[in-house]
Amino acid sequence: MTDEQTEVYWPTWGTFRNFMKCDLAANRRNPKIQVGLVLLRICQLLMADRVQPRKRSLPLIFIYRFYSEIIIGYELRPKTVVGPGVSIHHGFGLVVNDGVILGASVELRNGVTIGHARHGEKPPQIHDGVSFGANSVAIGDITVGRDSRIGAGAVVTRSCPPGSILVGARAANIAPHVKES
């Protein structure tokens with residue numbers, strides 16, 4: 001994703017309402033995750049810049065992190081670029097590195113880990129509509145293509161094209177390319 005595409009996934013005063021509408025709709029049956037996403041989006045809005053957050057956002061960031069990490073049990077930091085409509089199913093054990101870019105309508109389940117393989121390395125970029133199964137892992141400087149599905153327990157260490165279905169401990173691509181109609 002380019003920097004311009006990344007900026008589309010960072011809420012502003014003009015896009016905040018749409019982000020909230022999409023996030024709440026994607027988590028309609030999970031009020032505790034809805035509360036967490038409302039706090040996340042308000043933190044991001046007050047931060048204004050993910051690299052150098054405004055000081056006035058720090059108290060709310062503390063409250064959000066206490067709620068998400070201590071009470072609910074997932075780690076999705078405010079610096080993380082998260083597209084609208086992110087869906088978190090049973091978020092306990094979810095860990096997303098703050099350098100990760102999550103596209104719109106990404107599904108995350110319990111035990112998912114997304115981050116860099118080594119300190120200083122770039123973390124993954126996850127495109128729109130990707131679904132992660134429980135306890136799956138995506139690590140390293142990789143790109144997961146649009147509308148890909150990552151099976152439960154899969155370990156993804158290589159980039160994959162749009163529409164891929166990734167399964168297994170070494171994430172074998174069983175659907176290398178799906179034609180778009």
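For the range 140-152, the Karplus equation 6.51 cos²θ - 1.76 cosθ + 1.60, evaluated at θ = phi - 60°, returns couplings of x, 7, 10, 10, 9, x, 3, 6, 7, 10, 10, x, 4 Hz by residue, with Gly and Pro reported as x. Taking amide H as placed 1.01 Å from N in the peptide plane, the amide H of Glu75 sits under 5 Å from that of Leu94, Val95, Val96, each at least 5 places away or on another chain.
Less than 5 angstrom separates the built amide H of Ala175 from those of Ile165, all sequence-distant by 5 or more or on a different chain. With contributions of -39500 (n - 2.57) from each DSSP H run of at least four residues, the per-residue ellipticity at 222 nm computed over the chain stands at -7000 deg cm²/dmol. Labels on offer are (1) 187; (2) 143; (3) 117, and the one holding volume of the Cα convex hull per residue in Å³ computed from this structure is (3). Around the Cα centre of the chain, unit charges on the Cβ atoms of Lys, Arg, Asp and Glu (plus for the first two, minus for the last two) sum to a dipole of about 420 debye. Summarising the amide proton neighbourhood of Val86: residues at separation of 5 or more, or on other chains, whose placed amide H is nearer than 5 Å comprise Ser105, Val106.
Between Val95 and Trp13, the modelled label-to-label distance comes to 3.9 nm, taking each label 7 Å out from Cα in the direction of the beta carbon. Note that the range 1-89 carries a Kirkwood radius of 13.1 Å, evaluated over its alpha carbons pair by pair.
Taking 0.36 nm per residue of separation and subtracting the current Cα-Cα distance, fully stretching the chain between Thr157 and Lys21 would add 45.7 nm.
The 3J(HN,Hα) values that the Karplus relation (6.51, -1.76, 1.60; θ = phi - 60°) gives for the range 48-62 are, in residue order, 6, 10, 6, 7, 10, x, 5, 4, 5, 7, 4, x, 5, 4, 4 Hz. Gly and Pro appear as x. Placing +1 on the Cβ of every Lys and Arg and -1 on the Cβ of every Asp and Glu, with nothing else charged, gives the range 1-92 a dipole about its Cα centre of roughly 360 debye.
One Cα centroid belongs to the range 38-116, the other to the range 122-181; the line between them spans 21 Å. Between Asp49 and Ala175, the contour length at 0.36 nm per residue exceeds the alpha carbon distance by 41.6 nm.
Counting only Cβ charges, +1 for Lys and Arg and -1 for Asp and Glu, the dipole size of the range 84-142 around its Cα centre is about 120 debye.
Hey, what did the range 3-173 get for relative contact order, percent, Cα under 8 Å, at least 6 apart? Display every interim value, and only then the final one.
Numbers: 421 pairs, mean separation 23.0, N = 171.
Over the range 3-173, the number comes to 13 percent.
A simple spin-label model places the labels of Tyr67 and Arg28 2.2 nm from each other, with each point 7 Å out along Cα-to-Cβ.
Just so you know, all these numbers are worked out from the coordinates, no wet-lab data involved. This structure is a prediction, so every number in the text was calculated from the model and none was measured. Using ideal geometry, Cβ is built from the backbone for each residue, glycine included, and neighbour counts are taken over all protein chains shown.
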